[in-house]
Amino acid sequence: QVQLVESGGGLVHTGGSLRLSCAASGTFVSINDMGWYRQAPGKQRELVAIITSGDGTNYGESVKGRFTISRDNAKNTVYLQMNNLKPEDTAVYYCNADFRFFGDTWGQGTLVTVSS
């Protein structure tokens, strides 16, 4: 059994910053890709950022230049540094990880609200 637990969401004003964390727990061999997705009310879930086990990254177009994804393999944790936040970044942010042998796993989500 593996689990992802997100933290760091909250309310911030336009232009502000937040840092999300997602820690993996349980018994597992290794984690391949880790990433962040988000879902705003009435919209489909979309990719925010992905980081591979080799630290390769890929970002959604709307967050490029503002968000940075990173991971600490010793802590089995992925981070999302979000700068220059905009109201349209308001969403529930979900952590995702591809565990070897377990496959894709999702966190419970953390709410980010950006006020104008």
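Structure above, values below:
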item	result
Check on residue 25, within 16 Å of residue 8 (Cα to Cα) and open to solvent by 30 Å² or more (accessible area, probe 1.4 Å)	no
Of all residues in the stretch 39-73 being within 18 Å of residue 19 (Cβ to Cβ) and among the small types (Gly, Ala, Ser), the one that is surrounded by the most Cβ atoms within 10 Å (Cβ to Cβ)	49
Within the stretch 8-38, tally of residues that are more than 10 Å from the chain's Cα centre (by Cα) and over 14 Å from residue 114 (Cα atoms)	11
Answer residue from the stretch 74-100, given it is loosely packed, with under 13 Cβ neighbours inside 10 Å and touching a residue at least 60 places away in the same chain (Cβ under 8 Å) and is farthest from residue 12 (Cα to Cα) among those	100
Qualifying positions in the stretch 1-20 - more than 18 Å from residue 48 (Cα to Cα), hydrophobic (A, V, I, L, M, F, W, C) and surrounded by fewer than 15 Cβ atoms within 10 Å (Cβ to Cβ)	11
Number of positions in the stretch 1-34 that are outside any strand (DSSP E or B), in contact (Cβ under 8 Å) with a residue 60 or more places away in the chain and more than 17 Å from residue 73 (Cα to Cα)	6
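The values are calculated or read from the model by the stated rules, or taken from the named source; none is laboratory data. Because the structure is a prediction, the values reported are computed rather than measured. FYI the Cβ positions are ideal-geometry reconstructions off the backbone, even for glycines, and counts take in every protein chain you see. Just the protein is used for accessible areas: all its heavy atoms, side chains included, with ligands, DNA and RNA removed. Shrake-Rupley method; radii C 1.70, N 1.55, O 1.52, S 1.80 Å.
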